[in-house]
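Chemist: Got a structure for you, questions after.
Each reported figure results from applying straightforward, stated rules to the coordinates on display, with no laboratory input. All of these numbers come straight from a predicted model, not from anything done at the bench. Note: ideal-geometry Cβ built from the backbone for every residue, glycine included; neighbour counts use all protein chains shown.
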Amino acid sequence: MDSDPSACVDLHIHTTASDGSFTPPEILRLAHGLNLGAIAITDHDTIDGSRQAIAAGIPAGMGFLTGVEISTERPRFFPGKGSCHILGYRIDLENRALNETLQKLQSARKDRNPLILKRLQKLGFDLTMEEIGRAAGPKGQVGRPHFAQVMLDKGFVATFNAAFDDYLATGKPAYVDKYRVSCPRAIELIREAGGIPVLAHPVLLGTPEGRLEDDMVRELREMGLLGIEAYYTEHSDAHRDHYLDLAERYGLLVTGGSDFHGEFKPRTKLGRGRGDLCVPIALYEALCSHD
Ligand code: AMP
Ligand code: ZN
Ligand code: FE
Ligand code: FE
């Protein structure tokens with residue numbers, strides 16, 4: 001494991017623009033303070049976090065990539081029922097089709113939140129949209145983690161995760177589905193915006209033993225996928241090596257990151273995951289030199 005932090009990068013970070021607890025300028029300061037070699041901000045369905053970071057000014061000497069994480073429909077060729085997320089790097093923040101689609105996804109989120117609230121109220125929880133909105137902050141978009149946080153703060157659940165396990169997770173009583181783009185469309189949008197589409201945290205797809213079969217990777221590559229997030233907080237070494245092997249055999253780029261959410265996922269540390277993550281800076285350099 002590399003001990004020099006400047007040799008490590010973190011290419012999967014959430015900010016207050018989605019469901020992280022730190023603002024983009026705060027993330028820049030924290031990452032710079034940790035001496036990370038480079039970061040990317042990858043908020044759910046929004047590029048406002050990347051915008052705010054650039055507006056704040058990237059600290060000299062630290063690399064930065066624009067980013068996004070799009071929640072997509074789950075392609076039928078994946079067995080199981082976990083979530084399919086596509087990361088996009090080096091995207092043109094002004095791309096029109098991407099901005100329009102992200103707007104649509106954000107308004108789908110806005111429509112969904114009152115429905116989640118109504119379900120929780122029906123279950124007997126005393127909650128208001130105002131409280132949930134306050135948890136998201138003035139610039140953020142509301143997501144399920146904000147519901148979970150308020151439920152925890154008000155003592156309705158014993159832990160943040162229990163709010164998901166008992167109420168908010170897929171199939172639980174307060175779960176409400178939302179509009180998503182298809183996986184191939186997300187990949188295409190990112191490519192059209194000049195970016196590099198990457199399959200996020202493959203272990204969370206929930207396939208048997210977290211494995212991706214060769215035919216799944218072939219299908220994704222045919223859709224235009226260019227990379228796999230092999231380094232990830234919740235990947236065991238065996239998972240990481242499995243994804244590295246697939247990436248090598250199918251000529252895909254490799255990325256990695258912590259999926260930092262700040263206080264909403266306090267066990268996951270910026271740049272370090274559970275403490276031992278180091279995403280090699282060479283992966284960042286390969287993304288930069290990809291054309
Ligand atoms: P949303 O964007 O509102 O669908 O919420 C997605 C976020 O909720 C993810 O980024 C995770 O941080 C969090 N999340 C989803 N499922 C779970 C779960 N089962 N336990 C804890 N957090 C979860
Ligand atoms: Zn999140
Ligand atoms: Fe994700
Ligand atoms: Fe994420």
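Chemist: Which pairs in the list LYS104/LYS172; LYS81/LYS104; LYS118/LYS269; LYS81/LYS118 are over 29 Å apart, alpha-carbon to alpha-carbon?
Modeler: Over 29 Å Cα-Cα: LYS118/LYS269.
Chemist: Next question. With charges only on Cβ, +1 for K and R and -1 for D and E, what is the dipole size of the chain about its Cα centre, in debye, rounded to 20?
Modeler: 1000
Chemist: Lone cysteines in the chain, defined as no other cysteine's Cβ under 4.7 Å from theirs: which are they?
Modeler: For the chain, the answer is CYS84, CYS183, CYS288, because their Cβ atoms have no other cysteine Cβ under 4.7 Å.
Chemist: Quick one: 3J(HN,Hα) in Hz for the range 52-60, Karplus 6.51/-1.76/1.60 with θ = phi - 60°, rounded, Gly and Pro as x.
Modeler: Result, ordered by residue: 5, 5, 5, 4, 6, x, 7, x, 4 Hz.
Chemist: Output the relative contact order of the chain, whole-number percent, from Cα pairs under 8 angstrom with separation of 6+ residues.
Modeler: Once divided by the residue count of the chain, the mean separation gives 23 percent.
Chemist: Need one word for the range 250-291: rounded, prolate or oblate. Basis is the Cα gyration tensor (sqrt eigenvalues a ≥ b ≥ c); a/c below 1.5 gives rounded, then a/b vs b/c decides.
Modeler: Verdict is prolate for the range 250-291.
Chemist: From zero outward in steps of 5 Å, how is the percent of C-alpha pairs of the chain spread across the bins?
Modeler: Going out from 0 Å in 5 Å bins, the chain shows 1, 6, 12, 17, 19, 18, 14, 9, 4, 1, 0 percent.
Chemist: How about the range 68-135: which chymotrypsin sites (Phe, Trp or Tyr not before Pro) there lie in a loop by DSSP and see at most 16 other Cβ atoms within 10 Å?
Modeler: PHE77
Chemist: Check the straight Cα-Cα distances from LYS178 and name the aspartates and glutamates below 14 Å, setting aside those fewer than 8 residues away within the same chain.
Modeler: Straight-line reach from LYS178, under 14 Å: ASP45, GLU73, ASP111.
Chemist: Return the calculated 222 nm mean residue ellipticity for the chain, to the nearest 500 deg cm²/dmol, obtained by summing -39500 (n - 2.57) across DSSP H runs with n ≥ 4 and dividing by the residue count.
Modeler: -11500 deg cm²/dmol
Chemist: Would the range 94-203 count as rounded, prolate or oblate if I go by the C-alpha gyration tensor, calling it rounded below 1.5 in a/c and otherwise prolate when a/b exceeds b/c, oblate otherwise?
Modeler: Here the range 94-203 falls in the prolate category.
Chemist: Any idea how far apart ASP237 and GLU73 come out in nm if each label point goes 7 Å out from Cα toward Cβ?
Modeler: It works out to 4.1 nm between the two label points.
Chemist: Can you tell me how the range 1-160 classifies by the Cα gyration tensor, rounded, prolate or oblate, using a/c under 1.5 as the rounded cut?
Modeler: Prolate, because a/c is 1.5 or more and a/b exceeds b/c.
Chemist: Scan around VAL254 for amide H atoms under 5 Å from its own, H built in the peptide plane at 1.01 Å from N, and keep only partners 5 or more places away or cross-chain.
Modeler: Amide H to amide H, under 5 Å and 5 or more residues apart or across chains, VAL254 pairs with ILE228.
Chemist: Let's test this: bin the Cα-Cα distances of the range 1-93 at 5 Å from zero up to the farthest pair and state each bin's percent.
Modeler: 3, 14, 24, 21, 15, 11, 7, 4, 1
Chemist: Another question, then. Please report the spacing between the Cα centers of the range 156-180 and the range 198-263 in Å, no decimals.
Modeler: The two parts, judged by their Cα centres, are 25 Å apart.
Chemist: At most 11 other Cβ atoms within 10 Å and a DSSP loop assignment: could you name the trypsin sites (Lys or Arg not before Pro) in the range 43-150 that fit?
Modeler: Here the sparse-neighbourhood loop sites are ARG76, LYS81.
Chemist: How much length is gained if the chain between ALA286 and ASN99 is pulled fully straight, taking 0.36 nm per residue apart and subtracting their Cα-Cα distance, in nm to one decimal?
Modeler: 64.7 nm is the gain from fully extending ALA286 to ASN99.
Chemist: What three numbers, in Å, describe the spread of the alpha carbons of the range 190-291 along their principal axes, ordered from the longest?
Modeler: Extents along the principal axes: 37, 32, 22 Å.
Chemist: Give the aspartates and glutamates whose C-alpha is closer than 18 Å to that of LYS154, dropping any in the same chain fewer than 8 places away, or say none.
Modeler: Hits, sequence-local ones excluded: ASP126, GLU130, GLU131, ASP165, ASP166, GLU263.
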